[in-house]
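The values are calculated or read from the model by the stated rules, or taken from the named source; none is laboratory data. Note that this is a predicted model, so its numbers are computed, not measured. No Cβ is skipped: glycine too gets one built from the backbone with ideal geometry, and neighbour counts run over all protein chains shown.
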């Protein structure tokens with residue numbers, strides 16, 4: 001699967017409180033959470049993000065609390081995928097479990113500028129900055145993890161696997 005869209009850039013150690021501030025965790029409504037996505041890191045982000053946009057971040061994205069609200073609000077805000085130098089392990093699994101495509105790209109992506117347009121090839125693990133022509137190698141998912149994302153998350157994946165044969 002490929003995504004081509006505008007980039008929003010964030011730095012290192014973006015924690016789950018910056019992704020979705022704890023003061024909004026009194027709701028499970030995904031669209032309500034999306035209204036506050038990344039607002040502590042960039043107060044204008046929730047009003048400016050467009051469906052399909054891509055987040056690019058530094059090291060340790062999603063550190064902090066293990067709340068699954070963080071990847072949920074990113075996905076509900078319409079972000080197509082997240083590319084970071086590295087992810088906190090619990091955020092990584094939570095993102096996969098809710099069907100949010102993420103890629104680790106350890107080198108080079110810090111050169112991508114906010115507002116640039118990039119193409120992310122999830123299957124091949126290739127990121128291309130269409131403004132500069134530079135290409136970066138990411139780590140693609142193992143096949144079973146890609147299947148979970150393709151199904152929309154772990155629950156849908158399991159439903160498909162246990163569906164009675166007709």
Going through (1) crowded, with 21+ Cβ neighbours inside 10 Å; (2) assigned to a loop (DSSP other than H, G, I, E, B) one by one, residue 94 fails only at (2)
Of the listed residues (56, 79), the one being under 16 Å from residue 34 (Cα atoms) and either in a helix (DSSP H, G or I) or touching a residue at least 24 places away in the same chain (Cβ under 8 Å) (or both) is 79
Here, strands (runs of 3 or more DSSP E) confined to the stretch 107-148 with at least 2 residues that are surrounded by 16 or more Cβ atoms within 10 Å (Cβ to Cβ) and in contact with a helix residue (DSSP H, G or I) (Cβ under 9 Å, 6 or more places away or on another chain) are 126-129
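Go through 123, 129 for me and flag whichever is within 16 Å of residue 2 (Cβ to Cβ) and touching a residue at least 60 places away in the same chain (Cβ under 8 Å). Give the derivation first.
Numbers: 129 fails: touching a residue at least 60 places away in the same chain (Cβ under 8 Å).
Testing whether each residue is within 16 Å of residue 2 (Cβ to Cβ) and touching a residue at least 60 places away in the same chain (Cβ under 8 Å) leaves just 123.
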Log entry, pairs with first residue in the stretch 11-30 being on the phi > 0 side of the Ramachandran plot and surrounded by fewer than 17 Cβ atoms within 10 Å (Cβ to Cβ), second being at pLDDT 95 or above and in a loop (DSSP other than H, G, I, E, B), beta carbons closer than 6 Å, six or more apart or on different chains, reads 13/60
Any residue at all in the stretch 54-69 that's under 16 Å from residue 8 (Cα atoms) and surrounded by fewer than 20 Cβ atoms within 10 Å (Cβ to Cβ)? yes
